[in-house]
Amino acid sequence: MAQGDTTDASTSPPIEPVDTPQQRLYNSRVVLTTYPSQLGIEPIPLHWGAPTASARGPVVVSRSQDTFGKRNAIGAGGGSYCIYRALAVAIGALAPNHRPDFTMTEPTHQIGPFPAWSDPEKIVSMDPWGHATVEHYSEFLDQGVDIRPTIAITKAHMKLAEIDDAIQRGFLRRDGEIVTEGGELKVVKVASEPVWYLPGVAQRFGIEESTLRRALFEDTGGMYPELITRPDLKVFLPPIGGLTVYIFGDP
């Protein structure tokens, strides 16, 4: 205690914590996991490998209040970017119930469908309908279900030193269709987040689905207990990076 300071720390009133907006983001009840027979748990049907988008159903993974009981997938949307979304919510830069505006987000090119999309053994690590959320699942969006696209399809221009060199050497010409006068490449860019169909992934590695689920649970630090408690949910969105495809010419 400084000289001349007569305040007794033992009798000073306790400092009350400040209730900031950040502290009121969530209620005090924390749901760590769910079970198939639990009250209020009614997943939207999801049939991997169905012949059409409507028959397959949307992939729903959000824990938002309006969607929580309707989830039919485990994990988090956005791949590795889900961590950055959490940080944005925590510091108050983004509301926890924020919904993206899908206006003018439709794919710039029509791709598919192809026969492999309706074969549950052909595609097991991405959602072939992930780019068509607005087109095929607007009914669910209108009902307040939080559905996020897992694929983005857009136009892009690429500038590569190798292309400049090929043009200078005469190996490649500027046709204006794919190679512009400025030496840029016109491409269709497809960015895809991981969406794992767990039975299919297990089959690819020749292991039991239960073994895959347990390994994913253990080696992600127990991050997703529903891998164990929800065997009825067959789709998992892991928090890992996705892939980007660049298509030259007609997709």
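The values are calculated or read from the model by the stated rules, or taken from the named source; none is laboratory data. Quick caveat, the model's predicted, so the values are computed rather than measured. Heads up, the Cβs are rebuilt from the backbone with ideal geometry, glycines too, and the neighbour counts pull from every protein chain shown. The accessibility values were calculated without ligands, DNA or RNA, using every heavy atom of the protein model including side chains. Shrake-Rupley method; radii C 1.70, N 1.55, O 1.52, S 1.80 Å.
Summary of values
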| item | result |
| --- | --- |
| Heavy atoms of residue 164: accessible area, 1.4 Å probe, square angstrom to 10 | 50 Å² |
| Longest exposed-site-free window of the chain, the sites being trypsin sites (Lys or Arg not before Pro) in a DSSP loop that have at most 14 other C-beta atoms within 10 Å | 175-251 |
| Dipole axis of the stretch 32-106 (+1 Lys, Arg; -1 Asp, Glu on Cβ), positive-most option in 37, 65, 77 | 37 |
| Difference of contour (0.36 nm per residue) and Cα-Cα distance, residue 28 to residue 189 | 53.7 nm |
| Leading residue at positive end of dipole, the stretch 187-231 (Cβ point charges), from 197, 187, 222 | 187 |
| Fraction of accessible area attributable to carbon and sulfur, the chain (%, probe 1.4 Å) | 56 percent |
| Beta bridge orientation in the chain: antiparallel %, DSSP, nearest 5 | 85 percent |
| Net length gained if the chain between residue 240 and residue 47 were fully extended (0.36 nm per residue, minus Cα distance) | 67.1 nm |
| Simple label model, 7 Å out from Cα along Cβ direction - residue 80 to residue 173, nm | 4.2 nm |
| Selected from 225, 115, 238 as most flexible by GNM, with the chain as the system and alpha-carbon contacts under 10 Å | 115 |
| log10 of Debye I(q)/I(0), alpha-carbon scatterers only, for the stretch 165-244 at 0.16 Å⁻¹ | -0.66 |
| Structure-derived semi-axes √(5λ) of the Cα gyration tensor in Å - corresponding label in (i) 42, 29, 19; (ii) 60, 35, 24; (iii) 31, 19, 18 | (i) |
| Surface accessible to a 1.4 Å probe, per residue, for the residues of the stretch 152-251, Å² | 59 Å² |
| Cα-centre dipole for the chain with unit charges at Cβ (Lys and Arg positive, Asp and Glu negative), debye to 20 | 340 debye |
| Residues of the stretch 194-208 with amide N under 20 Å of the 7 Å Cα→Cβ point at residue 63 | 194-196 |
| Sparse-neighbour loop sites [chymotrypsin sites (Phe, Trp or Tyr not before Pro); the stretch 96-176; at most 10 other C-beta within 10 Å; DSSP] | 171 |
| Residue 119-residue 201 pseudo-label distance in nm [points 7 Å out on the Cα-to-Cβ vector] | 2.2 nm |
| Distance violations [Cα-Cα > 24 Å] among 155/234; 70/234; 159/189; 70/155 | 155/234; 70/155 |
| Helix-only CD estimate at 222 nm, as mean residue ellipticity for the chain, using -39500 (n - 2.57) per DSSP H run (n ≥ 4) | -5500 deg cm²/dmol |
